[in-house]
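Derivation of every value follows stated rules applied to the coordinates shown; laboratory data play no part. Quick caveat: nothing in here was measured; it's all calculated off a predicted structure. Glycine gets a Cβ as well: all are built from the backbone with ideal geometry, and neighbour counts include every protein chain shown.
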Amino acid sequence: MALQLRRYEFTGDNLERWLPKWHSEVVPFREKWGYRIVFGYVDRERNEFVWMVEYPGTPEEFEAHDTEYLESQDWADTLERYVPLIERWTTGIVEQEWPLADATGGLR
């Protein structure tokens, strides 16, 4: 399993405008493509949204699948609804550090 942490920064009321789209469109869209949304957190003081996406494969398989996802016509058809609302974003593959995992990936 590979995990990607995504952090979005918004200006003005764009966070509040984006959240309903995330719930009704982004989550089902990602799930349709085989991803699982692990969590989504809002920091209204900083006008940020942080969420985690899981894909059942290695980090390299996640990246390859994500490239296919981002190059799809499905994604191209949704760009204008999502991207203009986000001021800045960062994404990256992350590894669990705590709680500690055993050699099989299970929690100790």
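Here are a few things to note about the model shown:
- With each label modelled as a point 7 angstrom along the Cα→C-beta vector, the Glu9-Val50 pair spans 1.4 nm.
- Going from the fewest other Cβ atoms within 10 Å to the most, the residues Leu79, Leu15 appear in the order Leu79, Leu15.
- Relative contact order (%) - criterion: Cα under 8 Å, at least six apart; region: region 2-94: 50 percent
- Degrees, to the nearest 10: 59-70 long Cα axis against longest axis of the chain: 20 degrees
- Rough spin-label spacing in nm, given labels placed 7 Å along Cα→Cβ, for Leu19 and Glu31: 2.0 nm
- The chain, dipole about Cα centre (Lys/Arg Cβ +1, Asp/Glu Cβ -1), debye to the nearest 20: 360 debye
- Per residue, the chain reaches -9500 deg cm²/dmol at 222 nm when only DSSP H runs of four or more residues are counted, each adding -39500 (n - 2.57).
- Positive-end residue of Tyr69, Pro28, Thr58, charge dipole of the chain with Cβ unit charges: Pro28
- Residue order for Arg7, Arg17, fewest other beta carbons within 10 angstrom first, comes to Arg17, Arg7.
- Going by neighbour counts of Cβ atoms within 10 Å, the residues His65, His23 line up, fewest first, as His23, His65.
- Were the residues from Phe39 through Glu60 laid out at 0.36 nm apart, the gain over their Cα-Cα distance would be 5.4 nm.
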